[in-house]
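Working notes, beginning with the structure itself.
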Amino acid sequence: MHSPDSHRFDPPWTPHRRGWIEIVCGSMFSGKTEELLRRVKRARLARQPVLLFKPRVDDRYDEVKVVSHEGLNADALPVASAGELLARVLADTAVVGIDEVQFFDDAIVGAAEDLAARGIRVIAAGLDQDWRGRPFGPVPDLMAVAEYVTKLHAVCARCGAPASRSQRLIAAEGQLFVGGAAEYEARCRTCFEVSET
Ligand code: ADP
Ligand code: MG
Ligand code: ZN
């Protein structure tokens, strides 16, 4: 049976250093950032050089941390593109974490594959669906090429069932609208209301 912790993933032991891609996806509030930070913390405990990245979606100020909804946080490097991310990876980097990966363009797929081919463990967390319930940016392609995919669920704000979708509560334009608990809530398939606009 499905246990609450069945999504927990820890990398397999390998005799040689080999790279691979892990995707952590799900709706808003499903615990993607918590799970990414958990994996990153364990890699650091194993003394593996880790770099944590996030997309620079807002140029007005540099967010230099990855932060979960409960306030868990870790220092992160904001990057404007997949190319900038690749350029900042160091010769000794063993693990690359990426949060909010849905905000990168499709070049992030090739970048993740390049890193994995170089022996790096890539852990990318992001929304698999946008506010309309449609596949979000590069995440579907990343899921396809990843070795490991973890799909997390939030708790539906309406009925308490496992939630797979992010309901936008206010009128706003576009996929890129970034918000928190005041703007979005987690919903299950039944309670999710598809937007017509
Ligand atoms: P994500 O990165 O997927 O948006 P976070 O890891 O930042 O999620 O936050 C997960 C935390 O959000 C949970 O541990 C819980 O404290 C909080 N939370 C708030 N609303 C919900 C909800 N509806 N379902 C589950 N967790 C929620
Ligand atoms: Mg998050
Ligand atoms: Zn529901």
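The values are calculated or read from the model by the stated rules, or taken from the named source; none is laboratory data. Everything quoted here is computed from the prediction, not taken from an experiment. All Cβ positions, glycine included, derive from the backbone under ideal geometry; neighbour counts span all protein chains shown. SASA here: full protein model, heavy atoms, side chains in, ligands and nucleic acids out. Shrake-Rupley method; radii C 1.70, N 1.55, O 1.52, S 1.80 Å.
Yes/no per residue for (1) surrounded by fewer than 21 Cβ atoms within 10 Å (Cβ to Cβ); (2) over 29 Å from GLY83 (Cβ atoms):
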| residue | (1), (2) |
| --- | --- |
| ALA94 | yes, no |
| GLN102 | no, no |
| LEU127 | no, no |
| TRP131 | no, no |
| LEU142 | no, no |
| ALA154 | no, yes |
| ALA161 | yes, yes |
| ALA171 | yes, yes |
| GLN175 | yes, no |
- Selection from segment 168-182 of residues under 23 Å from PRO138 (Cα atoms) and either outside any strand (DSSP E or B) or near ligand 3 (Cβ under 10 Å from one of its atoms) (or both) yields ALA172, GLU173, GLY174, GLN175, LEU176, PHE177, VAL178, GLY179, GLY180
- When the residues of segment 72-92 are filtered to those that are under 30 Å from ARG165 (Cα atoms) and either open to solvent by 60 Å² or more (accessible area, probe 1.4 Å) or in a loop (DSSP other than H, G, I, E, B) (or both), which remaining residue is nearest to ligand 3 (Cβ to nearest atom)? LEU72
- Search result, residues across segment 143-197 that are away from ligand 2 (no atom under 16 Å from the Cβ), within 16 Å of the chain's Cα centre (by Cα) and touching a residue at least 60 places away in the same chain (Cβ under 8 Å): MET143, VAL145, ALA146, GLU147, TYR148, VAL149
- Selection from segment 97-139 of residues of a type in the set (Lys, Arg) and part of a helix (DSSP H, G or I) yields none
- When segment 27-54 is examined, which residues are found to be open to solvent by less than 30 Å² (accessible area, probe 1.4 Å) and within 19 Å of TRP131 (Cα to Cα)? SER27, MET28, SER30, GLY31, LYS32, THR33
- For segment 136-164, enumerate the residues that are under 15 Å from ARG189 (Cβ atoms) and not hydroxyl-bearing (Ser, Thr, Tyr). LYS151, HIS153, ALA154, VAL155, CYS156, ALA157, ARG158, CYS159, GLY160, ALA161, PRO162, ALA163
